[in-house]
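Here is the structure we will look at.
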Amino acid sequence: MTPEVGSLTAPRMLLSPPLAYRHTPRAIIATALIRACRTSLRLQPINVHRFASRRGRPRAIALGCSTRQPEQSRSGAQVADNLVREHPSNTVIVDIPLASRHPHMIQWFRRRYLELLGSIYVYNEHRGYTAIDRVIEAIKARTPLDPCFLSAIEKHRADERKHYEMFRRWFQLRGVMPFSVDRTCGHIDRFVEIMFGSSIDDLDTTDLVERDALFERLCRVIALTERRGYQQVETLLRHPIVRGDATLMRIFRIIRRDEPSHWAPYEAWLERRSVHRSTWWERCIDGFIHSELLFLKLPILFLTPQLKRRTAWCDANDATAPTAITLAGAGAPL
């Protein structure tokens, strides 16, 4: 088979059925991927090899990466031959061995992912300790006052503030501001809105004090959120991109150490009142919120080219001034 050679910009891939079928879902996805690579990744030109089948119709399109020194790599035809031979089925295969040829792409991907992840944590940690202020107000107004429970919640609030300041310092060391994400990326925001029908700021503290059922529900929501945060930190500590940043690893280790003490007081209070920790419906909502963020919102934010950054920190209007945080085992403040 004789290839027809063209020119595009993208990582090498095998597409079957080919781009000739412009209105098929695979062709649309492949076209979008190529355009994204052209505009965002700035790769070197490549050769496009069209292979005709026995009936004369295009059977597949193989896109082979090329460099400015073609003699240092296999030709596009060799790459295409191997891909067609190894993957004859009707599948879409993307092969991007760009770590050595295009390190700037890997660095861009890694930097984008880490800064977006840090931005979401900055928002959620700040939202966490400001939301706990509403819980503390309700606890102080309840009769009789439980001083041990109140002390544990105040420690939780202090830890959330500490975590926020660590992520803030991480961004300051990088010399950039976090991306501007709002309450749509806040786990506790979405949870409270679904369970109470209002935002955290609009929660009526009087109802929380007078109606035990509402306060018990709020405790379950916070406990589930903290458990979810612990599971996510465990996953991130094994993530290869996160493991490449030593400072971020230390931050997540501190969060992992602190998290169990965050859900414990709420669950202990519920057990003392013989109330279930959570219902199946609340656990389903917690899983839905996490999946929505992970599989929908995070990819959309990652692929948004003009995502704006914050012009001011989340705690700019807080009464408490930020303090320097020193990581355990670190000689400089974070």
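Along the charge dipole of the range 150-206, Cβ charges K/R +1 and D/E -1, which of Gly197, Met177, Ala158 sits furthest on the positive end? So the residue we want is Met177. For Lys308, the aspartates and glutamates whose Cα falls under 18 Å of its own Cα, not counting residues fewer than eight places away in the same chain, are Glu115, Asp182. Taking every Cα-Cα distance in the range 103-317 and sorting them into 10 Å bins from zero, the calculated P(r) comes out as 7, 33, 36, 17, 5, 1, 0 percent.
Order these by the 10 Å Cβ neighbour count, fewest first: Cys219, Cys314, Cys148, Cys185.
Arranged by neighbour count, lowest to highest, Cys219, Cys314, Cys148, Cys185 become Cys148, Cys314, Cys185, Cys219.
In terms of other Cβ atoms within 10 Å, Asp204, Asp189 run from fewest to most in the order Asp204, Asp189. The range 182-223 to the range 250-277: how many Å between their Cα centroids? First find each Cα centre; the distance between them is then 17 Å. The mean of 1/r over all pairs of different alpha-carbon atoms in the range 235-277, once inverted, gives a Kirkwood hydrodynamic radius of 12.2 Å.
Based on alpha-carbon atoms only, what is the radius of gyration of the range 178-274 relative to the globular estimate 2.2 N^0.38 Å?
Values: Rg = 16.1 Å, N = 97, 2.2 N^0.38 = 12.5 Å.
So the Cα radius of gyration is 1.29 times the expected 2.2 N^0.38 Å.
Within the same chain, lysines fewer than 8 places from Lys155 are excluded, and of the rest, those with a Cα less than 21 Å from its Cα are Lys140.
Coordinate-derived values only; no laboratory data. Because the structure is a prediction, the values reported are computed rather than measured. All Cβ positions, glycine included, derive from the backbone under ideal geometry; neighbour counts span all protein chains shown.
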